[in-house]
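Input: a single structure, listed below in structure tokens.
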Amino acid sequence: YLHIVFAVKNRDALLEKAWRHRLFEYISKSLKARGHYALAVNGHVDHVHLFFNYSCEELISDLVREIKKSANKFINENNLSKFKFEWQSGYGVISCGYKDVDRIIKYVKDQEVHHQKNSFRSEYLKMLDDYQIEFKKEYVFQFLD
């Protein structure tokens with residue numbers, strides 16, 4: 001199981017509540033079309049979480065690049081954002097075990113509630129800390145908060 005997180009590039013072009021559910025459905029279908037099984041796809045105004053059963057049929061970097069590229073095209077072709085939409089370069093990925101599946105599904109699905117109290121910055125840095133992932137600040141997202 002993989003938990004992938006990636007972020008919006010510009011503060012102006014955010015994932016609006018009115019249409020982001022369409023984006024998450026699109027990403028879920030894109031994962032399925034690539035041979036993976038989406039367990040939860042959700043996010044908030046400035047980032048997306050993908051939690052899925054990874055088929056190991058393609059490199060993770062190729063998968064993320066193609067998902068981000070097609071999601072970007074979906075947003076722009078459907079005129080969902082009033083501004084030019086782009087994703088930041090990079091992503092975070094964590095491999096998870098079977099014991100964590102239910103907890104992570106709930107966590108991803110509860111993004112709206114979670115972000116009433118926590119910023120994306122604090123959420124992401126806590127994830128890195130919880131999984132004991134060492135990082136350099138220059139390789140972490142450019143947070144919008």
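The values are calculated or read from the model by the stated rules, or taken from the named source; none is laboratory data. Being a predicted model, the structure only gives us computed values, none of them experimental. Cβ sites come from the backbone with ideal geometry, for glycine too, and all protein chains shown count toward neighbours. Heads up: the accessible areas ignore ligands, DNA and RNA and are worked out on the full protein's heavy atoms, side chains in. Shrake-Rupley method; radii C 1.70, N 1.55, O 1.52, S 1.80 Å.
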Open item on the list: Looking at segment 47-61 only, could you name the residues that are under 18 Å from Val108 (Cβ atoms) and free of Cβ contacts under 8 Å to residues at least 40 places away in the same chain?
Closed with: none
- [ ] Within segment 1-24, track down each residue that is aliphatic (A, V, I, L, M), assigned to a helix (DSSP H, G or I) and either under 14 Å from the mean Cα position of the chain (by Cα) or closer than 19 Å to Ile94 by Cα (or both).
- [x] Leu23
Open item on the list: So Ser122 ticks every box in (1) out of contact with any Cys (no Cβ under 7 Å at 6 or more places or on another chain); (2) crowded, with 16+ Cβ neighbours inside 10 Å but one. Which box is left unticked?
Closed with: (2)
TODO: Those residues that are open to solvent by less than 70 Å² (accessible area, probe 1.4 Å), farther than 19 Å from Ile94 by Cβ and of a type in the set (A, V, I, L, M, F, W, C), I need them from segment 25-62; list them, please.
DONE: Val45
Task: Near pairs, Cβ below 8 angstrom, 6+ apart or cross-chain, from segment 63-83 (under 12 Å from Phe6 (Cα atoms)) to any residue that is in a helix (DSSP H, G or I) - done: Ile67/Ile27; Ile67/Ser30; Ile67/Leu31; Ala71/Leu23; Ala71/Tyr26; Ala71/Ile27; Ala71/Ser30
Task: Residues satisfying the stated conditions in segment 107-117, i.e. among the polar types (S, T, N, Q) and either exposed (fewer than 12 other Cβ atoms within 10 Å of the Cβ) or at positive phi (or both) - done: Gln116
Task: Matching residues, segment 1-23, being open to solvent by less than 20 Å² (accessible area, probe 1.4 Å) and within 12 Å of Phe52 (Cβ to Cβ) - done: Leu2, His3, Ile4
Task: Test set (1) more than 13 Å from Phe6 (Cα to Cα); (2) in a loop (DSSP other than H, G, I, E, B); (3) modelled with pLDDT under 80; (4) open to solvent by less than 30 Å² (accessible area, probe 1.4 Å) - Phe141 fails condition number - done: (1)
Task: Pairs with Cβ under 9 Å, 6+ apart, first in segment 5-20 and farther than 25 Å from Leu128 by Cα, second at pLDDT below 95 and of a type in the set (Asp, Glu) - done: Ala13/Glu86; Lys17/Glu112
TODO: Test each condition in (1) within 16 Å of Arg20 (Cβ to Cβ); (2) not in a strand (DSSP E or B) for His49 and report the one that comes out false.
DONE: (2)
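Consider Lys106 carefully, then state whether it is modelled with pLDDT of 95 or more and over 20 Å from Asp130 (Cα atoms).
no
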Open item on the list: Residues to consider are Phe83, Phe51; find the one that is touching a Cys at 6+ places or on another chain (Cβ under 9 Å), within 27 Å of Asn118 (Cβ to Cβ) and not hydroxyl-bearing (Ser, Thr, Tyr).
Closed with: Phe51
- [ ] Please enumerate the residues belonging to segment 70-106 that are within 16 Å of Arg22 (Cα to Cα) and either part of a helix (DSSP H, G or I) or open to solvent by less than 60 Å² (accessible area, probe 1.4 Å) (or both).
- [x] Ser70, Ala71, Asn72, Lys73, Phe74, Ile75, Asn76, Glu77, Leu80, Ser81, Phe85
